[in-house]
Amino acid sequence: MSWSAPAICIVAIAVSKETAPGTIALAHGARRLPGVEVVSYNVGLKDEAGFVGDRATKRAFRQFIEEWRKPLRRIGQDPFGNEQSAKIAKKKLDDLLTKGDAESAAIVQGAIESFAHELAGVLQRFLKLETWKDAERLVFGGGFSGSRVGELAIGRASVLLKNEKIKTEIRIVRHDPDEAGLIGAAHLAPTWMFKAQMFKGHDAILAADIGGTNIRAGIVCLNLKDADDLSKAEIGQFELWRHGDEKPSRDEVMDGLIGMLKRLIKAAKKDKLQLAPFIGIGCPGRIDAAGSIEAGGQNLPGNWESSNFNLPAVIHEAIPAINDNETTVLMHNDAVVQGLSEAPFMSDVGIWAAFTIGTGLGNALYENREQ
């Protein structure tokens, strides 16, 4: 499964005679989406020390845990014993803040403070960019934001920015991080797709969120009757594969993802849920219109940036139709997609951005379109 294919085999079903004048045409990694313009994404700021965003990742936080343990370890009083800093569970870190002994809690608190200063510095660098300086709100997702430790670190960074007279508001995604990257995929599809005659009766889509450690796939229930802006969209069936523990090859990852999607299709039929023939994919890196990953896929197993590999084409070949209609597969950057889950709640601002703190620091900047 290492062949490439022209994008038209992925999107031809969507660009039809029923496309209304002025609506968007479908393309992978598109700048113009139904509700927003993607002004910028996957910005890789660098300085003499390397990528600036690497200072605000899950790995960076664990390094701060390690640094705060060193003085106690030298005198044989490390409260974590021989446990590796990178292996300490998020829940354990959360519990230590409220129920742990004073020294263990102090180590976690120290790491939060150190990380918050680094994160605030990274955000200041972004907000100095010409395209980013007018961002009115930043929303944070990714696995780190889904823990109490992460919430406190992000909150502390917000306080530090306010102390520097930076008024940009900071929020955390309202959906569980495991779900936000799937719910956001529904915003990749143009609104006419769900309103067109051929899609009547379809009330859910398939979505996948591919990360450097985990792959998530799920059924996104659109709930358009409750809210046509997708603000009531929610996850039905859901699968999570922590592939980082298994060190699979790229093709093994694709086989696993396709298996997840096929099981979800069967689950939808069993539950009598009508799936639209649409699969939305979030994946790290810069995505070109044909569906190839131009750059930024270095945290994924194997070579995902190869010109001979087209992820949407592989999925389309494996799942060419859903409910007897040709499958449309659309892919965008994972931070873009996760941020889109917040789009219905951003109508009170004009320009806003999303950051995802995970294996890397994902970023995306949006400008709301007039509806």
Name every residue in the range 327-371 that is of a type in the set (Ser, Thr, Tyr), buried (at least 24 other Cβ atoms within 10 Å of the Cβ) and closer than 28 Å to Phe115 by Cβ, in order of residue number.
Ser341, Thr356, Tyr366
Just a yes or no: is a residue in the range 176-191 more than 21 Å from Val337 (Cα to Cα) and more than 19 Å from the chain's Cα centre (by Cα)?
no
Count, please, the residues in the range 73-95 that happen to be farther than 16 Å from Arg59 by Cβ and not in a helix (DSSP H, G or I).
9
Go through the residues of the range 100-113 one by one and say whether even a single one is modelled with pLDDT of 95 or more and either among the acidic types (Asp, Glu) or within 29 Å of Ala343 (Cβ to Cβ) (or both).
yes
With the checklist (1) within 27 Å of Lys247 (Cβ to Cβ); (2) assigned by TED's automatic domain parsing to the domain that holds Gly297; (3) not polar (S, T, N, Q) in hand, flag the one item Met193 doesn't pass.
(1)
Collect the residues in the range 272-298 that are surrounded by 24 or more Cβ atoms within 10 Å (Cβ to Cβ), hydrophobic (A, V, I, L, M, F, W, C) and touching a Ser or Thr at 6+ places or on another chain (Cβ under 9 Å), keeping them in residue-number order.
Ala276, Phe278, Ile279, Ile293
Candidates Gly121, Gly184 - the one that is in a helix (DSSP H, G or I), surrounded by fewer than 24 Cβ atoms within 10 Å (Cβ to Cβ) and modelled with pLDDT of 95 or more:
Gly121
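Return yes or no: is Ser231 among the hydroxyl-bearing types (Ser, Thr, Tyr), over 25 Å from Pro248 (Cβ atoms) and touching a strand residue (DSSP E or B) at 6+ places or on another chain (Cβ under 8 Å)?
So Ser231 fails the test.
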So, of the residues in the range 139-175 that are assigned to a strand (DSSP E or B) and touching a helix residue (DSSP H, G or I) at 6+ places or on another chain (Cβ under 7 Å), which turns out to be farthest from Gly339 (Cα to Cα)?
Ile170
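Of the residues in the range 94-144, how many are of a type in the set (A, V, I, L, M) and under 23 Å from the mean Cα position of the chain (by Cα)?
Number of matching residues: 11.
The values are calculated or read from the model by the stated rules, or taken from the named source; none is laboratory data. What you see is a predicted model, and the numbers here were worked out from it, not measured in a lab. Here Cβ is always computed from backbone atoms with ideal geometry, including for glycine, and neighbour counts include all displayed protein chains.
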